[in-house]
Amino acid sequence: MSDVEVAGVGLHPFGRFEGVSISDMGVTAVRGALREAGVGKGGFQAAFCGTAYGGVATGHKVLGALGMTGMPIVDVEAGCASGAAALMLGSKAIGAGQYDTVVVFGVEKMPRGIIRSSFFEPWQEEAGLAATPAYFGLRAQRFMQTSGVTKDHLAAVVVKNRRHGAHNPDAMYRSDVEAADVLASRVVCEPLHLWMLCSPNEGAAAVVLRRADKGTSARHGAAVQLDSAVLRSHLPGAVLSESTPMAGLTDDTLPTPTTLAATAAYEEAGLGPRDIDVVECQDTDAARELMSYEELGLCAAGGAAEMLDAGVTSVGGRLPVNPSGGLLSKGEPLGASALGQVVELVHQLRGEAGARQVHGARVGLAHTVGRGANAGVVILRR
Amino acid sequence: MRPGAATFSAMSATVPVRQGLFTDTDPPHLLGGRCAACGHHHFPHHDICPYCASEDTEPAELSAMGRLWAWTAVTHAPPGYKGEVPYGFGVIELPEGLRVITRLTEPDPAKLHFDQSMHMVTEVLHVDDEGRPVVGYAFAPVEVP
């Protein structure tokens, strides 16, 4: 799928913004991406908008505010992978010859506190079974039981990502933290402490995709190709899958949605995990990042702790993970988070990431996974 | 058994949090299903097997005893929940080859261990607007004499 390029990217910072509407944030991100791409009104033939909490026709409101409507505008919900789903639709439409240029964006303005999800039935809420962080805690405990990962490793993930995020002006939290302070933050759901969980928040991200033979953008010499954009759901059976079933089978051999998406994405790109230079992955909680190392094939089963300890996944290491600071620094606006990762990787591949630059990065992988289950894997190359 | 925990049959004028999840026998059992095509059990019961998509399923009472496979505690009331916190939350592995998400009667994770024997109970979640106790399912540690 090397016939699609990222012609421009735009971002509204992730955080909490009183008085700024979801449309305002979307306008900021989309306008930024269009400007970079040199695309104006009439310059794109379709738009795809990822959001989980935005409500009806969120994408239309954003493009309506920009005075750019009339083309198909498709609003896409796929939980934490909503932006990845939108990117898949937009890029495949170009690949199929349907369009030359599309705008893909994600926007969100999350409620505060534990995320309320219409995914759960009322009786599940009433029984206390809609306790989203508790599922993260159970998954973390099982992972620790089988992988050699300890609470100290979970704290080390937070320290790493917050250190990276301190250099990201668009992150919500921009300060270093100490492991002792992470472990001293209150327990939300054992083994997860408050600082090991990302904060639901607000933000927007946008990319302009263009058929590669339409010519690269004038502003940026280093063209970034979109090699794959894959979305997968869960296979039935795993009790702690992000699909949040009430029961599952005693079968630990089922591939996870992340592994399904990664396998397909590597095949689509004609690449393997060893070709990746930089990763943005789903660190909803600190354990989720370490699970992703294994599920994405970045290390062998049981190798995540060693990879972290050796500094491989820190900026300056062989394979930096979450140089943006990850969701632990940026917070997670569901619809925008996947495209926020893509914006970060595009900056990294262009060499524009400043103090958090991964030097010489040529291939980047973005990963999101969440409710549905939905897992998205995106591979970008310069 | 901690205060608030009681068997469904011992209570009068209670309402289950949802019909068809568990029996009102003593001891109570979860009401799942079994697929005749693939042989897997599931919970709650579905007319279509969630694992192989066969429509050849039938209701099945699940074992009241199982082993603890994963656990944590919920320390803040999640959305839509009107009961008390903290409460235990975990996964019980049943002999039918099924792992079930459930509340646990033990809210202190330090008091539980992997593979611990657990049995199913019902417990009052909260009292509804009409004054009726609303009852759900949970698993409790088997007391060692």
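Please treat every number below as a calculation from the coordinates, not as lab data. Quick caveat: nothing in here was measured; it's all calculated off a predicted structure. Heads up, the Cβs are rebuilt from the backbone with ideal geometry, glycines too, and the neighbour counts pull from every protein chain shown.
Annotation: of all residues in the range A:59-116 being in a loop (DSSP other than H, G, I, E, B) and either among the aliphatic types (A, V, I, L, M) or in contact with a Cys (Cβ under 9 Å, 6 or more places away or on another chain) (or both), the one that is surrounded by the fewest Cβ atoms within 10 Å (Cβ to Cβ) is A:A96.
Taking residues in the range A:125-148 that are more than 7 Å from chain B (Cβ to nearest Cβ), and partners anywhere that are of a type in the set (D, E) and part of a helix (DSSP H, G or I), the pairs with Cβ atoms closer than 8 Å and at least 6 places apart or on different chains are A:S147/A:E294. Scanning the range B:42-61 for residues that are more than 9 Å from chain A (Cβ to nearest Cβ) and either closer than 20 Å to B:A138 by Cα or not in a loop (DSSP other than H, G, I, E, B) (or both) returns B:H45, B:T57, B:E58, B:P59, B:A60, B:E61. If B:M120 meets every condition in (1) more than 15 Å from A:M246 (Cβ to Cβ); (2) touching a strand residue (DSSP E or B) at 6+ places or on another chain (Cβ under 8 Å); (3) more than 9 Å from chain A (Cβ to nearest Cβ) apart from one, which number is that one? Tallying (1) more than 15 Å from A:M246 (Cβ to Cβ); (2) touching a strand residue (DSSP E or B) at 6+ places or on another chain (Cβ under 8 Å); (3) more than 9 Å from chain A (Cβ to nearest Cβ), B:M120 fails exactly one: (1). Listed here are the strands (runs of 3 or more DSSP E) enclosed by the range A:163-243 that have at least 3 residues being closer than 18 Å to A:A338 by Cα: A:202-211, A:224-232. Of all residues in the range A:240-284, those being out of contact with any helix residue (DSSP H, G or I) (no Cβ under 9 Å at 6 or more places or on another chain), of a type in the set (A, V, I, L, M, F, W, C) and within 14 Å of chain B (Cβ to nearest Cβ) number 3. For the range B:100-111, a tally of residues being over 12 Å from B:L30 (Cα atoms) and either surrounded by fewer than 18 Cβ atoms within 10 Å (Cβ to Cβ) or not hydrophobic (A, V, I, L, M, F, W, C) (or both) returns 8. Within the range A:307-320, the residues that satisfy the criterion of being among the aliphatic types (A, V, I, L, M) and free of Cβ contacts under 8 Å to residues at least 60 places away in the same chain are A:M307, A:A310, A:V312, A:L319.
For B:P141, are the conditions met, namely being more than 10 Å from chain A (Cβ to nearest Cβ) and surrounded by 14 or more Cβ atoms within 10 Å (Cβ to Cβ)? Answer is yes for this residue. Residues in the range A:1-31 that are surrounded by fewer than 24 Cβ atoms within 10 Å (Cβ to Cβ) and touching a Phe, Trp or Tyr at 6+ places or on another chain (Cβ under 6 Å): 0 in all.
A:V239 satisfies every condition listed in (1) within 30 Å of A:A179 (Cβ to Cβ); (2) buried (at least 24 other Cβ atoms within 10 Å of the Cβ) except (1).
Could you tell me whether the range A:349-364 includes any residue that is in contact with a strand residue (DSSP E or B) (Cβ under 9 Å, 6 or more places away or on another chain), part of a helix (DSSP H, G or I), closer than 24 Å to A:A86 by Cβ and not aliphatic (A, V, I, L, M)? Looking for residues that are in contact with a strand residue (DSSP E or B) (Cβ under 9 Å, 6 or more places away or on another chain), part of a helix (DSSP H, G or I), closer than 24 Å to A:A86 by Cβ and not aliphatic (A, V, I, L, M), one finds at least one in the range A:349-364, hence yes. Among the residues of the range A:117-140, which ones are part of a loop (DSSP other than H, G, I, E, B) and either closer than 24 Å to A:V74 by Cα or of a type in the set (S, T, Y) (or both)? Of everything in the range A:117-140, those that are part of a loop (DSSP other than H, G, I, E, B) and either closer than 24 Å to A:V74 by Cα or of a type in the set (S, T, Y) (or both) turn out to be A:S117, A:S118, A:F119.
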